[in-house]
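**Q** Got a structure here, written out as structure tokens. Questions coming.
The values are calculated or read from the model by the stated rules, or taken from the named source; none is laboratory data. Since this is a predicted model, take the numbers as computed values, not measurements. Note: ideal-geometry Cβ built from the backbone for every residue, glycine included; neighbour counts use all protein chains shown. All accessible areas refer to the heavy atoms of the entire protein, side chains included, with ligands and DNA or RNA removed. Shrake-Rupley method; radii C 1.70, N 1.55, O 1.52, S 1.80 Å.
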Amino acid sequence: MSRLSPYWLWLVLALPALGMTYELATTTNPRIYHILVHPTGEFAARFTIIAMLATPLMLLFKGWRGPLWLKKNRRYFGVAAFFYAIAHTVFYLIDKGSMDRVITELPRFYIWTGWVAFAIFIPLGVTSMDYFVRKMGPAWKQLQRWTYPAAALTLLHWASLHDWNSIAPAMVHFGPLIALEAYRIWYWYLRPRPTQQA
């Protein structure tokens with residue numbers, strides 16, 4: 001069953017994409033690409049968050065098998081997040097219709113934060129294969145730490161949409177991750193340590 005589990009996981013991760021593909025193939029709505037920009041971006045953010053939850057959950061729930069499973073499979077969630085981010089970007093470009101419109105919007109805060117986050121995700125996604133893990137050695141983990149600034153930019157990108165009217169749904173998604181990462185920092189750096197008696 002363990003050999004089959006990644007395939008089942010990939011199927012679950014692909015379900016939103018399959019639904020969107022069906023919409024693209026069957027709809028007559030000319031604004032379909034505009035409509036799909038947001039859900040693809042949201043799933044990219046959700047799967048990024050899930051992938052990042054593994055380590056702090058393992059710290060919080062020591063010995064629980066759930067975080068161990070998540071840590072073992074987090075690369076699948078990260079790769080899925082990358083592909084949804086690609087779809088998000090492609091649908092955005094198609095919706096805008098021309099590079100002139102894309103460049104005109106680039107200085108806007110909610111736009112350039114998304115582009116920078118996507119630029120960071122590219123090397124993270126490309127190097128997600130086992131080949132690069134072996135080839136890069138310790139440098140691979142150092143590269144993966146760039147997930148944190150990419151996630152922060154994704155939060156800002158989402159929250160600042162529509163004059164910051166999207167901050168509530170963004171915080172609903174990112175809030176648990178922020179809380180767990182704060183706990184992680186407290187646990188390793190700020191919690192009182194038992195003093196050793198001489």
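**Q** Out of all the residues in region 119-142, which are open to solvent by less than 40 Å² (accessible area, probe 1.4 Å) and under 17 Å from the mean Cα position of the chain (by Cα)?
**A** I120, F121, L124, G125, T127, S128
**Q** Let me ask something else about it. Assess whether A81 counts as being assigned to a helix (DSSP H, G or I), touching a residue at least 40 places away in the same chain (Cβ under 8 Å), touching a His at 6+ places or on another chain (Cβ under 8 Å) and within 30 Å of P6 (Cα to Cα).
**A** Considered against the rule, which asks whether it is assigned to a helix (DSSP H, G or I), touching a residue at least 40 places away in the same chain (Cβ under 8 Å), touching a His at 6+ places or on another chain (Cβ under 8 Å) and within 30 Å of P6 (Cα to Cα), A81 comes out as no.
**Q** Taking the condition of a type in the set (S, T, N, Q), touching a residue at least 12 places away in the same chain (Cβ under 8 Å) and closer than 24 Å to A179 by Cβ, does T55 pass?
**A** yes
**Q** Going by what's in this entry, would L60 be described as under 13 Å from the mean Cα position of the chain (by Cα) and in contact (Cβ under 8 Å) with a residue 40 or more places away in the chain?
**A** no
**Q** Any residue at all in region 99-118 that's more than 30 Å from Y187 (Cα to Cα), acidic (D, E), part of a helix (DSSP H, G or I) and in contact (Cβ under 8 Å) with a residue 40 or more places away in the chain?
**A** No - not one qualifying residue is present in region 99-118.
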